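Following this message is one structure expressed as structure tokens.
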Amino acid sequence: MANKSTKKIGVLRGMETTFPDGLIHHINETYGNDGIHAEFVQLDAVRMDGDPEYAVILDRISHEIPFYRSYLKWAALQGTYVVNNPFWWSADDKFIDNVIAERVGVAVPKSLILPHKEHLPNTDETTYRNLKYPIDWEAICTYTGFPAFLKPFDGGGWRGVTKVNNLDELLAAYNDSGTDCMMLQEGIEYTEYVRCYGIGREHVRIMKYNPAAQDFARYFDVPQEPIEPALFEKMERDVLALCTALGYDMNTVEFAVRDGIPYAIDFMNPAPDADYHSVGQENYEWVVKTMGQFLVEKAKEEREIPAFSVDDALEVV
Ligand SMILES: Nc1ncnc2c1ncn2[C@@H]1O[C@H](COP(=O)(O)OP(=O)(O)O)[C@@H](O)[C@H]1O
Ligand SMILES: [Mg+2]
């Protein structure tokens, strides 16, 4: 049972069942006698003057619930170590992450973003005065080539992802994109595809993955040949570079390999799938154990309340 000196780890979960439950069980069983207690976070109103109680919180759901995100930012300002950092996560989008990836030596498909197709709520014509029309589709297609992929810049779970083979298909997909901000990307025609966990900006697990298989079989219905060692090392390095540059302690990175070069396709997954039934027993056990160990390490560190120093800035005024 938790007492006053016990360090608490909270898990904020959504619909998923196996991973958060398994993680809490694993942490309490393995580290329970070591002053650590894990549990699900339970919230009502969040007051400025409250105490978050947790040394560490693992966030699996704040991308869907703004109240959770604000709570986590508040907890972080009270010294709770939040995985993943809610400020970094809030600042991200897929397009800008591609730009950052390139800066840290990771190959990415040529990518661009397009103005929203439909007007957003509470806007009118004048809100869009900064946009030039007609859009120069010719130049866009020349840049990315075909096939290309059109996807929301903040998507996940394959929502709104369309492969387009020519301008007509691109325009049809764009016309269907509603109020989303869409990213268009060069399609990487790959010989191998992998999905990697990156944990604690230190541990990497490379898993063969077949996006063409049915979703329950994507981790199983894969070619069995081993990955060539130099490619394996490059992918390990790239996962750590991406997680470090983007500030993620838990992430998955997908690579499509073309001509021996791994291109990072999808690497903004701060609450990545870790369900027993989709990733399979070995990957599941690895992610529970590795994540558990990282959260415990963080829980044992001294809690630090971030300081805001405005004195220098005020003196300049
Ligand atoms: N540029 C690309 N080149 C090749 N395949 C792609 C590309 N972009 C997306 N895909 C395919 O579409 C799938 C879903 O796209 P992804 O970017 O992973 O979106 P989500 O974040 O919704 O999972 C990928 O797993 C991959 O199979
Ligand atoms: Mg994906």
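FYI, it's all coordinate maths here, none of it is from the lab. Keep in mind the model is a prediction, meaning the values are calculated, not measured. FYI the Cβ positions are ideal-geometry reconstructions off the backbone, even for glycines, and counts take in every protein chain you see.
Work out how much length N166 to V99 would gain on full extension: take 0.36 nm times their residue separation and subtract the Cα-Cα distance, in nm to one decimal.
Full-extension gain reported as 21.6 nm.
Right, here's the next one. Taking only Cα atoms, what is the 0 to 90° angle, nearest 10, from helix 18-31's long axis to the longest principal axis of the chain?
Tilt relative to the chain: about 30 degrees.
Which pairs, out of K151/K298; K8/K208; K208/K300; K117/K234; K73/K151, put more than 31 Å between their alpha-carbon atoms?
As for pairs spanning more than 31 Å Cα to Cα, those are K151/K298; K8/K208; K208/K300; K117/K234.
Can you tell me the length gained on complete extension of the stretch D221 to T30, counting 0.36 nm per residue apart and subtracting the Cα distance?
Length difference between fully extended and current span is 65.5 nm.
Can you check what the net charge comes to around E228, using other residues whose Cβ is under 11 Å from the Cβ of E228 (Lys, Arg +1; Asp, Glu -1)?
Overall, the nearby charge balance is -2.
Under 10 °C and 1.306 mPa s, how fast does the stretch 189-269 diffuse according to Stokes-Einstein, given a Kirkwood radius computed over C-alpha pairs? Answer in µm²/s, whole number.
The Stokes-Einstein estimate is 125 µm²/s.
Still on this model: Using R₀ = 22 Å, calculate the FRET efficiency as 1/(1 + (r/R₀)^6) where r is the Cβ-Cβ separation of D311 and R47; round to 0.05.
0.20
Cut-off 10 angstrom, C-alpha nodes, Gaussian network model of the chain. Which of Y128, Y174, Y284 fluctuates the most?
Of Y128, Y174, Y284, the most mobile in the Gaussian network model is Y128.
Mind putting together the pair-distance distribution for the stretch 110-186? All Cα pairs, 5 Å bins, whole percent per bin, short to long.
The percentages, shortest bin first, are 3, 15, 27, 26, 17, 9, 3, 0.
Further question: Where the only charges are on Cβ atoms (+1 Lys, Arg; -1 Asp, Glu), what is the dipole of the stretch 27-174 about its Cα centre, to the nearest 20 debye?
So the dipole magnitude of the stretch 27-174 works out to roughly 480 debye.
If you don't mind, another one. Given springs between every Cα pair under 10 Å in a Gaussian network model of the chain, which of G156, G280, G50 has the largest fluctuation?
Among G156, G280, G50, the largest GNM mean-square fluctuation belongs to G50.
So which residue, out of D238, D124, D249, gets the largest mean-square fluctuation from a GNM of the chain using Cα contacts under 10 Å as springs?
D124
Based on Cα positions only, what radius of gyration and what Dmax would you give for the chain, in angstroms?
21.6, 66
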